[in-house]
Every structure is written in structure tokens, then in C-alpha cells.
Amino acid sequence: MPSRSLTVPLISTALVFVMQHKDPVPRELGFVKDGYYHHIATGVEFPVPKNWSVLSASGSSEDGEQVFLGDDATPESYVAIWLKKERHTPADVDAMLNAAAALKRQQRDGRDTQRYTFRPNSIRHTVIGGRKAVRATADFVVVGKPQVEYFTWIFTERTRVQFDVRGDDPDASQTEMRFQQIVRAARIP
């Protein structure tokens, strides 16, 4: 009998599991301990404050993994953290950060979105937790409805992490303000 591909998120109070296709046993991608989510593959940790929750974790694009969060105050916004363990030189990290917004625009073009553009002057290089980062804000339309997407990319010689909030404004911008507290407190190897 041919194997089928299936991803099913499972959540317990302290552990986040995901069923991987061709894997008969749930594989733990991370866990919450002492108010922090710990991602096993990368070692990335970030706080999960009161009124926030880990909704699910699963495999994602480019062989990365993605953790979805919920914010009780703005439940309509999409909040995700994409993570992948990799090896890069410092020059590679700089080049990837410089290209992050352009690559994301290419990825988003034609995927049920229209007019996906980054706001002028929103692409800003910064440092977060001692790590080089880029922040950017994009506007686009889905089924005639304006949407906004906020990104923070933090890349190191060992890890790529993308923090992402998407939705309607003002809901998404309120979520982004609260989410930046999580981003700034993240521990990224």
C-alpha cells in the first residue's frame, strides 16, 4: 500500500508535536517550559507570555519548521515563526539579510495575493538580541481585501528565523506591537 503524506498538529499542555508524513510516531518539534518555547532543532527560544499560546508546529517550506502562535487580544491575526538550522559564513548571513524582502516578495507574488509590495522605507536593518536582523512591512490584497504583513528576519551562522504577523489592520498592527516583545526577547544561537 503506498504511503500517504499527512501533517497533523497535536498539542498537549507543555509539548508540541507534529505528525510527519512517512513517520508513524509523532515527532516533538519543541516544548514550552518556564514560559519559553524551545525549538529542538535550532535551539531557538522565545517567550510565550500570558494571553499568548502555541497553537501548532509543523514542517514548512525549504525543509524548515514553523510554529504558530495565538494572541488572545487579536485572534484574527496570523502569527508564525519559521525556523531552520543551517551553516553560513558571516558574509552569507549579510547577503541573505539583504535579500530577505526581495525573496519574500517573489515568494508571495501570484499566491492568491495582489499588489504585494513592501512599504517605502520599511525595510530596516537592525540588531536584535545581539544578532543582525531586518524588519519590513508589506501591503497586499487578498480577494479584494487589504492586508498587511510584518516581518522580522534574524539570521545567524547557525540559524535562520522569520517572525511573521499577517492580517487586517488595525488588528495586525496591534498584534505586531505585542509580538515585537516576543521577538526582542528571543534567544537565537
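The values are calculated or read from the model by the stated rules, or taken from the named source; none is laboratory data. Everything quoted here is computed from the prediction, not taken from an experiment. As a convention, Cβ positions derive from the backbone with ideal geometry for all residues, glycine included, and neighbour counts pool all protein chains shown. When the accessible area is computed, the model is the full protein with side chains, heavy atoms only, and any ligands, DNA or RNA have been set aside. Shrake-Rupley method; radii C 1.70, N 1.55, O 1.52, S 1.80 Å.
A few remarks follow.
- Of residues in the range 27-39 being under 12 Å from Ala57 (Cβ atoms) and loosely packed, with under 15 Cβ neighbours inside 10 Å, the one modelled with the lowest pLDDT: Arg27
- Odd one out for Val93, checked against (1) open to solvent by less than 20 Å² (accessible area, probe 1.4 Å); (2) in contact with a Lys or Arg (Cβ under 9 Å, 6 or more places away or on another chain); (3) not in a helix (DSSP H, G or I): (3)
- Taking the range 102-189 as the region of interest, the strands (runs of 3 or more DSSP E) fully inside it that hold 1 or more residues being under 21 Å from Gln66 (Cα atoms) and open to solvent by less than 80 Å² (accessible area, probe 1.4 Å) are 124-128, 131-142, 145-155, 159-167.
- The set of residues in the range 73-86 that are part of a loop (DSSP other than H, G, I, E, B) and open to solvent by 50 Å² or more (accessible area, probe 1.4 Å) comprises Ala73, Pro75, Glu76.
- Taken together, the criteria exclude Leu55 from residues that are touching a His at 6+ places or on another chain (Cβ under 6 Å) and not β-branched (Val, Ile, Thr).
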